[in-house]
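Readers should treat all values here as calculations from the given coordinates under stated rules, not as data from a laboratory. Quick caveat: nothing in here was measured; it's all calculated off a predicted structure. Cβ placement follows ideal geometry from the backbone for every residue including glycine, while neighbour counts extend to all protein chains displayed.
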Amino acid sequence: MHICKKKCTFAAQNEFYAMNKVLLISTGGTITMVRDKVSGAFVPADMETFKAYLPELFEGEVKVDIEAFHPLFDSSDIGPEKWAQMAQMVFDRYEEYDGFVILHGTDTMSYSASALSFMLEGLNKPVVFTGSQLPVGVLRSDAKENLLTAIEIAAAKDEDGNAIVPEVTIFFEDRLFRANRTTKRNAEHFSAFNSYNYPALAKAGVHITYQPHLIHYSDPQKPLTLHTAYDPNVAVLKLFPGIRQPVVRAVLRTKGLKAVVLETFGAGNAPSDKWLYRELKAAVDRGIIIVNKTQCNTGSVEMGLYAVSLNLMKAGVLSGYDITTEALLTKMMYLLGEHGDDTATVKRLLMTDLCGEVTIA
Ligand code: ASP
């Protein structure tokens, strides 16, 4: 792949970066698909066919190696076990490569990418997720542009040889976002993702313009630590006007349940029914962690702003501030996996910004 060094803008005037080695990990998704000649349906292409659509990948200054999952997956079939496999692959090849690009279906990309941001503690190299809305085998596909730019970002370094964006990100269409701030927002448009509560880390046009003051840097003295333990005993409970007690009770009394994302209205509000308070309080007393996450995409939970959120506070529900559901859910699985039954530690870390996923007011 040929990349013009003049076309990367770092810190507004600094226009230098080195070209390096990137490992491309393919998990599947639309980006890897071509049309089956017999059925006409989109099916995952084998890696040789995929590479034939993108000869530019292997022609230039970035050395790109590929590793693919077998079989390739639609991202609806990707969950904690495969998050751990992806994180393990990055960890195992960490010293060999300057950056990593993960090809992934868009549907659950924000979950996987959020999970990896927690599993790869102390990351000092780029891990860029990308995919496409149209398969690589379609003429008008967004695959080539997304992938080539993701590779450029994964390889980008400053004049001191440090990665420009050493965190887990999603690149899509023309924006680079912190992964654990993203949500898939559109099932049709090329601009499939957004980061509602945190600005883009870079914008790609004729130049790639990075925003260094927004990027998360881990302590370079600390080694990368891999965390692959997870506990999926979590749930999302979305409140709605008219929700009935048996529904809430069924979720909160789920066997083995340890933590709940409570999706509330506006600034973190909920109906003031006494039964709701009693169910939540009883769950908290049983040791279940409940975190308040607003159903709004933009903005933060502010418990106590309205009288209708006071009951939640009294019941022991925690604030999720401006975190996404994807980040909160994966953070819960990760913390429960790491700290098991140490509820106090899990609660404390849920209320801590670990890698830029939340703005604690
Ligand atoms: N269903 C596909 C997936 O998430 C959609 C996509 O890749 O955009 O794997």
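Run through the DSSP bridge list for the chain and note the antiparallel percent, rounded to the nearest 5. The answer is about 35 percent antiparallel. Restricted to Cα atoms, the range 102-259 shows a radius of gyration and a Dmax of 18.4, 60 angstrom. Could you work out which residue, out of Leu328, Leu134, Leu310, moves most in a Gaussian network model of the chain, that is, has the largest mean-square fluctuation with Cα springs under 10 Å? Comparing Leu328, Leu134, Leu310 in a Gaussian network model of the chain, the most mobile one is Leu310. Counting only lysines at least 8 places from Lys157 when in the same chain, those with an alpha carbon closer than 18 Å to its own are Lys5, Lys6, Lys7, Lys21, Lys63, Lys125, Lys203. Bridgeable aspartates and glutamates around Lys184 (alpha carbons under 12 Å apart, same-chain partners fewer than 8 residues away excluded): Asp107, Glu326. Extending 7 Å from the Cα toward the beta-carbon at both Thr209 and Leu224 defines two label points whose distance is 3.1 nm. For the pair Lys314 and Asp341, the difference between a 0.36 nm per residue extended length and the Cα-Cα distance amounts to 7.4 nm. In terms of its Cα atoms, the range 213-302 spans 51, 31, 17 Å along the principal axes, sorted from long to short. Label-to-label distance, Lys63 versus Thr352, with points set 7 angstrom from Cα along the beta-carbon direction: 3.9 nm. If the Kirkwood radius is taken over C-alpha pairs of the range 259-361, then at 25 °C and 0.890 mPa s the Stokes-Einstein diffusion coefficient equals 180 µm²/s. Footprinting exposure proxy ranking of His189, His207, fewest other C-beta atoms within 10 angstrom first, gives His189, His207. Rg and Dmax, both from the Cα atoms of the range 23-73 and both in Å, are 11.8, 38.
Legend: translational diffusion of the range 102-188 by Stokes-Einstein, Rh = Kirkwood radius over C-alpha pairs, 25 °C, 0.890 mPa s; D = 184 µm²/s. Descending by average beta-carbon neighbour count within 10 Å, the peptides 52-61, 72-81 line up as 72-81, 52-61, the highest first. Size of the chain: Rg and Dmax of its alpha carbons, in Å, are 21.3, 66. Percent of Cα pairs in the range 139-208 per distance bin of 5 Å, from zero to the largest separation: 3, 16, 26, 25, 18, 7, 3, 1, 0. For Ser132, nonlocal amide neighbours, meaning residues 5 or more places apart or on other chains whose placed amide H falls under 5 Å from its own, are Thr30, Ile31, Thr106. Toward the positive end of the charge dipole of the range 120-228, with +1 on the Cβ of Lys and Arg and -1 on the Cβ of Asp and Glu, the farthest Cα among Pro212, Ser191, Asn162 is that of Ser191.
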